[in-house]
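To keep things clear, I will list the structure first and then write my remarks on it.
The values are calculated or read from the model by the stated rules, or taken from the named source; none is laboratory data. All values derive from a computational prediction rather than experimental measurement. Cβ placement follows ideal geometry from the backbone for every residue including glycine, while neighbour counts extend to all protein chains displayed.
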Amino acid sequence: MLPLSGIQHFSFCRRQWALIHLEDQWAENLRTVEGRLLHSRAHEDGLRERRGDVLTIRGLTVYSQRLGLSGKCDVVEFHADAAGVPLRGEDGRWQPFPVEYKRGEPKSGDEDRLQLCAQGMCLEEMLCCRIPEGALYYGETRRREQVVFTPELRAQVEAMAGEMHDYARRGYTPRPKPRKGCAACSLRELCLPAMRRISSASAYLSAHIGEKEGP
Ligand code: SF4
């Protein structure tokens, strides 16, 4: 099993994922600390709470044998629904609805949606049911964004889980590739020296080629 939460790192940057999950490199920055505090609050009860037709479970452990992923859901809401699944200790049937808490604001990339969809797919496998959607809650906007688990999103999760396992088997860490997101990356101080080496090597090569090609 690989950590489910890694899918967001993998989607953001393959190298970041490999540094964290294969090489045990981790560096805190303001974003990661704030994110951790938000998650610890979302997980802190580890308990179920019932309000009317909604049962909320925090910090639920989930896994999928098929995807080879396991992790924890911040929150899973179970909505009373005749088409749902039975739950131990509760009457009736319940439709699972995962909710993932994020510190910032909605991102342009799909990393948060992929992580949430992977949670939904784990819950489906564990509870033998279909989960069509979940939600992302963003601390900065204090709003929920509904996420539909489309066939395309599911296919991306499957492909990424396969790719992550392939990297893990091979112990493969991709070379650094500078990108826009590097400025906010918690690992840039670990990663950038390698980038600087590449950049000076490229600079050297360009200069060298330039000399050869010059008059
Ligand atoms: S600094 Fe950039 S290339 Fe390096 S791990 Fe972070 S996002 Fe990836």
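Laid out as a table, the results:
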{"quantity": "Qualifying residue in segment 79-97 (condition: closer than 30 Å to A184 by Cα and surrounded by 15 or more Cβ atoms within 10 Å (Cβ to Cβ))", "calculated": "no"}
{"quantity": "Hits in segment 161-188 - residues which are within 16 Å of the ligand (Cβ to nearest atom) and either of a type in the set (G, A, S) or part of a helix (DSSP H, G or I) (or both)", "calculated": "E163, M164, Y167, K180, G181, C182, A183, A184, S186, R188"}
{"quantity": "Which listed residue is at pLDDT 95 or above and in the same structural domain as A18 (by TED's automatic domain parsing), from G139, G162", "calculated": "G162"}
{"quantity": "Residue that is farthest from the chain's Cα centre (by Cα) [pool: residues in segment 82-107 that are within 13 Å of Y137 (Cβ to Cβ) and either of a type in the set (F, W, Y) or assigned to a loop (DSSP other than H, G, I, E, B) (or both)]", "calculated": "F97"}
{"quantity": "Residue pairs meeting the criteria (Cβ under 8 Å; at least 6 apart or on separate chains; first away from the ligand (no atom under 11 Å from the Cβ), in segment 11-26; second of a type in the set (D, E, K, R))", "calculated": "S11/D110; S11/E111"}
{"quantity": "Residue in segment 111-130 that is in contact with a Cys (Cβ under 9 Å, 6 or more places away or on another chain), surrounded by 15 or more Cβ atoms within 10 Å (Cβ to Cβ) and not in a helix (DSSP H, G or I) present", "calculated": "no"}
{"quantity": "Selection status of V75, away from the ligand (no atom under 16 Å from the Cβ), within 14 Å of the chain's Cα centre (by Cα), at pLDDT 90 or above and crowded, with 18+ Cβ neighbours inside 10 Å", "calculated": "no"}
{"quantity": "Residues being without any contact (Cβ under 8 Å) to a residue 40 or more places away in the chain and more than 19 Å from the chain's Cα centre (by Cα) - total across segment 160-179", "calculated": "3"}
